[in-house]
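What follows is a set of notes on a single structure, which appears directly below.
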Amino acid sequence: MIGGKRFSSSFSLPLYYFPSNPLTIYYYKMMNKPMLIQKDPWLEPYAEAIEGRHNDVIKKENDLTQNGRQSLADFASGYLYFGLHRTADGWVFREWAPNATAIYLVGDFNGWEKNESYRLTRLDGEAGHWEVTLPADALHHGDLYKLRMEWEGGAGERIPAWCRRVVQDEQTKIFSAQVWAPEEAYHFRVNNFRPNTDPLLIYECHIGMATEAERTGTYEEFRTNVLPRVARDGYNAIQIMAIQEHPYYGSFGYHVSSFFAASSRFGTPEELKHLIDDAHALGLAVIMDIVHSHAVKNEAEGLGRFDGSYHQYFHTGERREHQAWDSLCFDYGRNEVLHFLLSNCKFWLDEYRFDGFRFDGVTSMLYYSHGLGEAFSNYGDYYNGHQDNDAIVYLTLANKLIHEVNPHAVTIAEEVSGMPGLAARFEDGGYGFDYRMAMNIPDFWIKTLKEKKDEDWHPSAIWWETTNRRADEKTISYAESHDQALVGDKTIIFWLIDADMYWHMQTSDHNLTVERGLALHKMIRLVTATTINGGYLNFMGNEFGHPEWIDFPREGNGWSYKYARRQWSLVDNQDLKYHFLGDFDRAMLELIHSVRSFQALPLQKVWDNDGDQVLAYMRGDLVFVFNFSPAQSFTDYGLLTPEGSYRVVLNTDDPRFGGNGLTDDTVEHLTQPDPLYASEGKGWLKLYLPARTAMVLRRATSAKSRVKGGTKRKAKK
């Protein structure tokens, strides 16, 4: 109620109605602000910056689309023009290289020598566009080729910026573009696929390390061996890393050289399309880990000095190199760079039918400092002039484009600073991502495992970290991703069990360290996955406690693949304890699937006590109860919940999951009435809580209705 009247959020005050009531004045002021500020009034001091960024996006979009004469999707179609294309009577190749003085196609077809027949012509009236048309027999499927690029004072061989296929010679290790025009292109069987985001349950994966053999895995192996496993385990999306071609395998795919080429070290474009098609047939969305935050510095393989200049795609001067990542930083202020990157987004959606993207390194893009050394301790840190407005405009346009091309696409921001509005709608003043990664949660778990004794695990801190997020932005929660498994760190299971994993993982072997590790591994995942407000992510193999770390073949380890693979035989072996964790993960996801719109149900904290180390919360008719104490069990521990009948539907201590089976989960738990809370419809749920266990109970019906039902049945009898 304001000024004696009730207003809805859509109500707009007439100009003549302006009473002096301070609350009314404030309300009128807020109604003229973006929804982002209306939902979070603490952002009001920065309204000018928020609205300014919003307007900058509109101005740039108008510039790129010629004030609406074409759509953003029309603009982002550069891959249909640039690069190599087969025509009705031959071939056409086009490239953008404004600093070049001459360009030749060289390859298998002309002995890798300059030939006037393969010389490109600079198009009149175009800013650095080059073109060559060739007869049908000039190129053949499988031919290797490059560009012989010449500029004032220099020359060099380059891989075309828009090429769709790059391969590496096994002997020389040299990368080349490859003509890819198979007689039978892949035809998708599944059309109009729509991702299931209720909730989004992501299986983060890497094609090359998805095999158990000590080598690089393939698209085909992943399609036939891993996809069915992921679907069976209850995930509804895969997030694939390292798709864009990268010269160094050990970069995990983050030093991209060819942005339009699917990495050939895993197989062919047709095989990747078949993988995505089969994933869709299994109900799995396929999200691509896209890298637009930086590029590899290599000049022979990548875009560094592509046409001899330093500024074609990247910044010059101090902003050119990312010192922490040893890579090059895109100049998002250039329309040609926006054309390249936006076209890249549309290409993967259009050509391969990816269902969206997880944008890597968003924090690095948002700030001139790449987020390094920034405090991010208050809202002022997000609007202090340290932000790269060109990058913000690009990210917002990328989200607009992606959802224009596919309204059901999923976009996720990997962002650690907490920039407000990142996962808010553009119309509301945000950047348009669907989700943001909850990067604080894995940091919290690793820090806890490293620094705290079991007795010092505080439920209040666990609740805070797993639920601390902006209410108006959906997040992807996770206990660990690939980041926590890289060499130099440890996975959660390895922090918990360490070397005992090598000797005591047989089901017949009772080891206190292993039993502690299994118990906490399940509890960590359960509390993380069931407090989500958007989605949940797990990295490939971590669901069953894959041992050790990730270390790609490199000179320092003798080019070994031992730690760059997944040992599926461990979880498949019923004589080993890994299957207990895998079975629990599957049961946990099955429970989440059993509740409609699980992630949208309000979270209600029932109880937390740091002394007892007990945490309890509700979501719909489910009650989640955790006893993190390593030694203290509780009998008849009382929790005030809605009155009714409760049954255990998931228990980390279940022998099926490697637990001790200390509770009888067949028992029906009835709440005990309390006159003080009768008017609220609440009673005391009394439970036995063994140490270091968690259970989930489902409320069946209220005690009152049970009595009524019983009375009716008795009377009828």
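The values are calculated or read from the model by the stated rules, or taken from the named source; none is laboratory data. From a predicted model like this one, the values you see are computed outputs, not experimental measurements. Note that each Cβ is placed from the backbone with ideal geometry, even for glycine, and that neighbours are counted across all protein chains shown. We work out accessible area using only protein heavy atoms, side chains counted, and drop any ligands, DNA or RNA first. Shrake-Rupley method; radii C 1.70, N 1.55, O 1.52, S 1.80 Å.
Quick notes on this one:
- Label point at SER569 placed 7 Å out along Cα→Cβ; residues across region 482-520 whose backbone nitrogen lies under 18 Å: 502-507
- Accessible area per residue in Å² at 1.4 Å probe, computed on the chain: 42 Å²
- Taken over the chain, the percentage of Cα pairs per 20 Å bin, counting from 0 up to the bin with the maximum distance, is 16, 44, 30, 9, 1, 0.
- Apportionment of accessible area to carbon and sulfur, the chain, percent (1.4 Å): 49 percent
- Contact order relative to length of the chain, as percent, for alpha carbon pairs under 8 angstrom and 6 or more apart: 10 percent
- Cα gyration tensor, region 489-582 - rounded (a/c under 1.5), prolate or oblate: oblate
- Modelled label reach - ARG119, point 7 Å along Cα→Cβ, region 75-102 residues with backbone N closer than 11 Å: 102
- Gyration tensor (alpha-carbon) shape descriptor, region 426-495, a/c threshold 1.5: oblate
- Taking all protein chains as shown and a probe of 1.4 angstrom, LYS474 keeps an accessible surface of around 90 Å².
- Helical mean residue ellipticity (222 nm; -39500 (n - 2.57) per DSSP H run of 4+; nearest 500) of the chain: -7500 deg cm²/dmol
- Between region 260-332 and region 149-203, the Cα center-to-center distance that results, in Å: 10 Å
- In this view, the solvent-accessible surface of HIS403, computed with a 1.4 Å probe and all protein chains in place, comes to about 50 Å².
- Placing R0 at 25 angstrom, the Cβ-Cβ distance between GLU170 and ASN557 gives a FRET efficiency of 0.75 after rounding to 0.05.
- The stretch between GLN323 and ALA136, if pulled fully straight at 0.36 nm per residue, gains 62.7 nm over its current Cα-Cα span.
- Here the spin labels are modelled as points 7 Å beyond Cα on the Cα-Cβ line, and at TYR368 and ALA155 they lie 4.1 nm apart.
- Cβ-derived FRET efficiency at R0 51 Å, ILE58 paired with ASP621, nearest 0.05: 0.65
- Gap separating the Cα centres of region 348-418 and region 34-90, nearest whole Å: 13 Å
- Once both labels are positioned 7 Å from their Cα atoms along Cα-to-Cβ, the gap between TYR677 and ALA102 label points is 8.6 nm.
- When all protein chains stay in place and ligands, DNA and RNA are ignored, the 1.4 Å accessible-area order of HIS141, HIS206, HIS129, largest first, is HIS141, HIS129, HIS206.
- Computed from label points 7 Å out along Cα-Cβ, the spacing between ASN660 and ASN67 is 7.6 nm.
- FRET efficiency, 1/(1 + (r/R0)^6) with R0 35 Å, evaluated for GLU220 and ALA88 via beta carbons: 0.60
- Potential lengthening between ASP489 and ASN335 on full extension [0.36 nm per residue; Cα-Cα distance subtracted]: 51.4 nm
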